Structure formats: C-alpha cells, structure tokens
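Student: Have a look at this one.
The values are calculated or read from the model by the stated rules, or taken from the named source; none is laboratory data. The structure presented is a predicted model; accordingly, all values stated were derived computationally and were not measured. We place every Cβ from the backbone using ideal geometry, glycine too, and count neighbours over all the protein chains shown. Quick note on the areas: whole protein, heavy atoms, side chains included, nothing else; ligands and nucleic acids left out. Shrake-Rupley method; radii C 1.70, N 1.55, O 1.52, S 1.80 Å.
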Amino acid sequence: MRAQAKVIRWTDGVALLYFALALLFIFLPVGSLILFAFQDGLAPVPPFKGPTLQWFDKVLHNRRLMEALWNSVLVGGVSSLVATFLGFLAAFSLARRDWRFARGAQLLLMAPITVSYLIIGMGLQITFNMMGVDRSLLAVGIGHVVINLPLCFAIVYSQLGEHQANIERAARDLGAKEWQVVALITAPMLWPTLLAAYFIAFTLSWDEFVIAFLLSRFDVTLPVVIWGLLRSGLSPELNAAGTLVFAISVAIVLAVELLLWRGRKAVANG
Amino acid sequence: MRFHFSRADLRDWGLWPAVLWTTLFFALPLAAMLAMSFAERVAGKITFTWTLANYAAFFTRAGGTFVQALINSLEVTILATILSILVAYPLAYILAYRVPAKWRRILLVLIVLPFWTSYVIRSYSWLLVLSQNGIISQTLLDLGLIAQPVGLGNSRFATVLGFVHFFAMLLTLTIFANLIQIKDSYRRAAADLGANNWQVFWHVTLPLSLPGVAVGAFLTFVLAIGDYITPQILGGNRELLLPQAIMLQIGRQADFPLASALSMILMLVVTVAFLVSAKRLKMERV
C-alpha cells in the first residue's frame with residue numbers, strides 16, 4: 001500500500017478533477033438554496049446581498065408552515081414507528097421459522113418498492129373513497145407505512161443472523177420466556193439497526209409529497225405547503241423553508257451514520 | 001421443524017401483521033384500481049360496466065396525447081438512466097480504487113447528502129440555478145460567454161438534469177457497493193498475466209460490476225418513470241409525461257377510471273423493464 005501511494009500518476013489528477021466537478025454538480029442546487037436563504041432582497045438570485053436572517057424569521061412566524069411542520073413530525077414519527085415495528089416482527093418471524101411460503105411473503109412485503117408513490121397514493125385514495133373514509137393525516141400516515149415497511153423489513157432482516165439466534169437459544173435453554181427473549185435479547189442486540197430503520201423511514205416520510213398531497217385535505221404536511229408556495233415563483237422565504245427542511249433531514253441522516261459507526265466500533269471492540 | 005403454536009411466540013405470528021398491512025393498504029388498493037380502470041363515469045357517477053373504453057381512450061383521446069406522454073416518459077427516463085450511469089460510474093470507480101479507505105465512508109456520506117432532500121425542494125433548488133436570472137445564466141453573462149440571459153428551466157433538458165442529479169447519487173451507491181466486493185486478486189491476476197490497466201478494466205472490473213449497474217439502472221428507471229414532481233416543477237407545461245397526465249385526470253377532471261387505466265399502463269411498462277433487467281442479470285451470472 002505504501003509503495004503504491006508514492007507513485008503519482010497523471011490519472012490521479014484526472015480523477016481528482018472529476019471528483020471535484022461531480023461534487024460541484026451534486027452540491028450546486030442545494031448550495032444555492034442555502035446561500036440565497038440569507039439573501040437581503042426579494043429575489044433569491046445573484047448577486048448575493050446579505051446575509052440576513054429575516055426570511056428564517058418570517059418562516060418561523062408563518063403559522064401555516066409551522067402547523068404543517070408539526071403535522072409532518074407527527075405523521076413521520078408515528079408512521080415510522082409502525083413501519084419499524086411491523087418490519088421487525090416480520091423479519092424476526094421470517095428469520096426464525098421455516099415458512100413454506102417465505103419467498104412469497106418476502107416478495108409481497110417488498111413489492112411496494114417497485115410501484116410509483118403516485119400509484120400507491122391514488123390506489124389508497126380510491127379505496128378510502130369507496131369505503132367512505134375521508135382524507136386526513138391518518139390516511140397519509142397509513143400510506144407512509146406502506147412505502148416504508150419494505151425498507152424497514154429489509155434493513156432488519158439483513159441484520160438478523162445466526163449470531164443472535166445462538167444467544168436466543170441459550171436464553172431459552174436457561175428458562176427465558178419467549179417475550180423475554182425478544183425484549184431482553186433480540187431487540188437490545190438490534191437497537192442500532194432498529195433506530196437506523198426508524199430514522200430512515202422518518203426522513204422519507206418527512207420528505208414525501210405525492211401521497212401526502214393526495215390523501216390529506218385540511219391538515220397538510222410541510223412538503224404540501226411548500227408545493228403550494230411554489231406557484232408564486234422563486235422567493236427567499238421558500239429558500240429559508242427549504243433550508244430548514246433540508247437541515248432537519250441532514251441532522252437525522254448524520255445521526256444515523258454516527259449510530260451505525262458506533263455500532264460497528266462496538267462490534268469491532270467487543 | 002417443530003411447530004408448537006403458542007400465542008406468546010412471536011416467531012409464529014410475527015409475519016402476519018406486516019403481511020396483513022401490505023395486503024390491506026397496498027394489494028387491495030391496486031386491485032381496486034384495476035377494477036376502477038374498467039369502470040365508467042356516467043354523469044359524474046362511477047359505475048362498474050367492465051368496459052375497455054379507458055384503455056381505448058389511452059390510444060385515441062385528445063389526438064394521441066396519452067400515447068405521446070408515454071413516449072415522452074420513456075425517452076426522458078431512458079436518457080436520464082444512461083446519463084446517470086455515465087456520471088456515476090467514474091465517481092464510484094474513483095471512490096472504490098483511488099480514495100484511501102479511511103476517507104471512503106465520509107466521502108460517500110457527503111456525495112449522497114443531497115439525496116436526502118425532498119423531491120419538491122430539490123427541484124425548486126434546480127429552478128434557482130437554471131432560471132433566467134439564476135446562477136448559470138448570471139455566471140455565463142459575467143464571463144461574457146453569452147449576451148442575453150438564458151432561461152434553462154421549463155424544458156426537457158431541466159427535467160433530465162434534475163433526474164440525473166438525483167439518480168447519479170443512487171447509482172454511485174449501487175455501483176460502489178459492487179466494486180468494493182470484487183476481489184483485488186482478480187484484478188492483480190489479470191495484471192500479472194500482462195493486461196494493461198485498460199484491459200484489466202475492460203475484461204475484469206467492468207463485467208464484474210455490471211450487476212451493480214443493472215440494479216441501480218432498474219431502480220432509476222422505476223423511480224424516474226413514476227415521478228410526478230420533477231417534470232412538473234422543472235419541465236414546465238411544454239410537454240406532458242405520463243405521471244403528469246395521470247395527475248391531471250385525478251385533479252382537474254376527477255376521472256378516476258381513466259387515471260386508473262393510465263396507471264395500469266405505467267405499471268405494465270415497469271413490469272416489462274423488470275423482466276428485461278432480471279433476464280439480463282441472470283445471463284450475466286452464467
């Protein structure tokens with residue numbers, strides 16, 4: 001490795017240049033979003049004047065946005081909890097029993113991933129219509145469980161190995177009841193995975209628009225309000241709102257990353 | 001396997017709540033939509049007449065607007081998928097083979113960070129960059145490369161760009177995950193046998209990394225062709241993609257039977273894409 005590092009090839013320069021350009025491409029839009037959220041002026045376009053915090057102040061005092069923010073937290077918080085819980089139960093049961101139709105069950109559970117959110121949302125809208133159920137945040141939450149359940153299931157299932165099964169067996173042999181095995185052995189061993197699944201589901205729900213748009217009526221989530229604001233064109237207030245939404249997503253993603261990193265470190269040390 | 005059913009044993013019933021949820025709120029709604037696609041709207045009321053009129057409407061109504069929407073969707077999606085692969089592959093390659101191992105994780109997190117913005121905000125951000133007085137136009141003006149401001153938004157170019165931005169991140173992940181699994185010894189063996197760098201890449205690395213490309217390409221195709229937000233915000237109203245046509249039927253017209261039929265056609269296209277890529281994957285394993 002050390003011998004290799006000393007050789008500097010011209011392709012390394014090309015690689016570095018490509019990497020820098022790719023990063024520029026990736027961060028150009030979100031960078032402009034954040035920069036012009038601090039714009040001291042009415043148009044979020046160059047030249048940049050500022051910085052000012054007035055648009056963040058405006059967003060934080062916008063009642064509609066703040067209500068929507070709370071709705072988003074509620075829908076995301078509860079639907080992710082349900083998705084993680086159901087995903088864990090299914091993954092545990094599939095990993096610990098030889099189901100005859102295991103393959104079929106897995107296909108069914110993973111199927112929503114291949115279907116457009118638009119179609120999932122519309123199907124639910126039609127079904128709720130037929131049953132006479134009104135559009136509401138609850139309906140949105142149900143839809144978000146549908147899209148997040150496959151992910152939560154897959155994440156937990158991939159982490160359930162023989163390693164835990166052996167410890168579970170040992171606990172059972174020592175007289176632990178089944179619920180004690182799950183609550184005191186399996187779940188604690190899996191907690192970084194479960195938390196990661198929960199937060200990933202939360203971020204996806206937090207950012208989701210189409211299903212929330214189709215299934216909500218009076219109480220709406222944040223992306224739906226932002227969608228409505230888009231009609232009036234570019235504005236620094238929209239930039240500020242978008243920056244806040246992005247900041248919260250990033251904070252969650254980084255928390256997950258930290259969690260997984262510490263989990264790996266614990267495994268490596270233990 | 002011994003089966004002793006007790007109510008307390010999670011292993012025996014844990015599968016069912018998730019299966020029930022997916023059946024009730026995913027499979028059943030799809031079935032309802034399928035039924036709806038054979039229904040008819042008579043005087044604003046939906047009646048199940050088991051007609052094929054909605055599918056016929058796909059071909060005939062509004063001078064072939066819907067067929068054109070499907071063609072537009074396919075063109076935009078395929079173009080976006082190819083461009084995303086071309087952007088993502090070198091990035092994943094550099095990350096897997098040129099970046100020191102300890103930097104990999106943090107760079108990977110950095111690269112996919114904007115992935116975690118919502119479609120709505122990401123598309124809006126591109127509008128900031130592409131609009132007539134936006135960053136690209138301003139920069140080109142300042143450099144003296146153009147004389148008049150150019151608006152790059154509201155076009156197919158903008159839609160494709162928005163897609164490539166998002167899906168290049170996704171493809172970088174799937175290709176990178178594949179590349180780091182290829183054993184170093186394969187590449188070294190090829191080099192020992194006299195292959196130059198280019199030959200090692202062409203005959204060893206590339207073929208072995210194709211499954212990662214295929215998985216990412218399939219995901220890109222599926223997610224892009226079903227996306228309503230990006231074309232709606234970035235594409236403007238110059239041309240319709242299929243999801244926009246579907247949304248128009250739900251929103252303005254409240255024509256659920258036609259919207260359902262169009263959705264079924266969209267799902268059929270995705271299924272075909274899945275079968276094609278699944279077949280490809282199997283062939284490559286042989």
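Student: Out of all the residues in the stretch B:203-248, which are in contact with a Lys or Arg (Cβ under 7 Å, 6 or more places away or on another chain) and outside any helix (DSSP H, G or I)?
Tutor: B:GLU239
Student: All but one of (1) under 30 Å from B:ALA214 (Cα atoms); (2) more than 10 Å from chain A (Cβ to nearest Cβ); (3) hydrophobic (A, V, I, L, M, F, W, C) hold for B:LEU161; which doesn't?
Tutor: For B:LEU161, the failing item is (2).
Student: Another question, then. Looking only at residues in the stretch A:44-78 that are within 11 Å of chain B (Cβ to nearest Cβ) and either closer than 25 Å to B:LEU110 by Cβ or surrounded by 15 or more Cβ atoms within 10 Å (Cβ to Cβ) (or both), which one is modelled with the highest pLDDT? It would help to see each step written out before you state the result.
Tutor: Residues of the stretch A:44-78 that are within 11 Å of chain B (Cβ to nearest Cβ), as a first pass: A:44-48, A:72.
Checking which are either closer than 25 Å to B:LEU110 by Cβ or surrounded by 15 or more Cβ atoms within 10 Å (Cβ to Cβ) (or both) leaves us with A:44-46, A:48, A:72.
Details: A:PRO44: 86, A:VAL45: 81, A:PRO46: 81, A:PHE48: 84, A:SER72: 96.
The residue in question is A:SER72.
Listed here are the residues, each with its yes/no results for (1) more than 12 Å from chain B (Cβ to nearest Cβ); (2) touching a residue at least 60 places away in the same chain (Cβ under 8 Å).
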| position | (1), (2) |
| --- | --- |
| A:VAL145 | no, yes |
| A:TYR157 | no, yes |
| A:ALA165 | no, yes |
| A:ASP173 | yes, no |
| A:LEU195 | yes, yes |
| A:PHE202 | no, yes |
| A:ASP207 | no, no |
| A:GLY242 | no, yes |
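Student: Taking into account only those residues within the stretch B:175-189 that are of a type in the set (A, V, I, L, M) and assigned to a loop (DSSP other than H, G, I, E, B), which is least open to solvent (accessible area, probe 1.4 Å)?
Tutor: Of the stretch B:175-189, the ones of a type in the set (A, V, I, L, M) are B:175, B:177, B:179-180, B:182, B:189.
Next cut, assigned to a loop (DSSP other than H, G, I, E, B) only: B:180, B:182.
Numbers: B:ILE180: 87, B:ILE182: 21 Å².
The selected residue is B:ILE182.
Student: Could you tell me which of the residues B:GLY236, B:GLY194, B:GLY251 is in contact with a Gly (Cβ under 9 Å, 6 or more places away or on another chain) and surrounded by fewer than 18 Cβ atoms within 10 Å (Cβ to Cβ)?
Tutor: B:GLY236
Student: Please pick out the residue among A:TRP191, A:TRP227 that is open to solvent by 40 Å² or more (accessible area, probe 1.4 Å) and either closer than 24 Å to A:PHE38 by Cβ or in a helix (DSSP H, G or I) (or both).
Tutor: A:TRP191
Student: Sticking with this structure for a sec: Quick one: count up the residues across the stretch B:113-131 that are more than 21 Å from A:ILE211 (Cα to Cα), more than 7 Å from chain A (Cβ to nearest Cβ) and at pLDDT below 85. Step through it out loud before you land on a result.
Tutor: At the first step, the residues of the stretch B:113-131 found to be more than 21 Å from A:ILE211 (Cα to Cα) are B:113-114, B:125-131.
Narrowing further to those that are more than 7 Å from chain A (Cβ to nearest Cβ): B:130.
Narrowing further to those that are at pLDDT below 85: none.
Adding up the residues that qualify gives 0.
Student: So the check is Cβ under 9 Å with 6+ separation or different chains; which pairs have a first residue in the stretch A:19-34 that's facing chain B (nearest Cβ under 7 Å) and a second one that's charged (D, E, K, R)?
Tutor: Qualifying pairs under 9 Å: A:PHE19/B:ARG98; A:PRO29/B:ARG122; A:VAL30/B:ARG122; A:LEU33/B:ARG122.
Student: Residues of the stretch B:242-256 being within 10 Å of another protein chain (Cβ to nearest Cβ) and either among the hydrophobic types (A, V, I, L, M, F, W, C) or within 19 Å of B:ALA39 (Cβ to Cβ) (or both), which ones?
Tutor: Listed by number, the residues that qualify are B:LEU242, B:ILE246, B:MET247, B:GLN249, B:ILE250, B:GLY251, B:PHE256.
Student: If you don't mind, another one. Being free of Cβ contacts under 8 Å to residues at least 60 places away in the same chain, under 20 Å from the mean Cα position of the chain (by Cα) and within 11 Å of chain B (Cβ to nearest Cβ): is that true of A:PHE101 here?
Tutor: No.
Student: Would you point out which residue out of B:ARG105, B:ARG98 is under 30 Å from A:ALA91 (Cα atoms), open to solvent by 40 Å² or more (accessible area, probe 1.4 Å), without any contact (Cβ under 8 Å) to a residue 24 or more places away in the chain and assigned by TED's automatic domain parsing to the domain that holds B:GLY235?
Tutor: None of the other options fit; the residue is B:ARG105.
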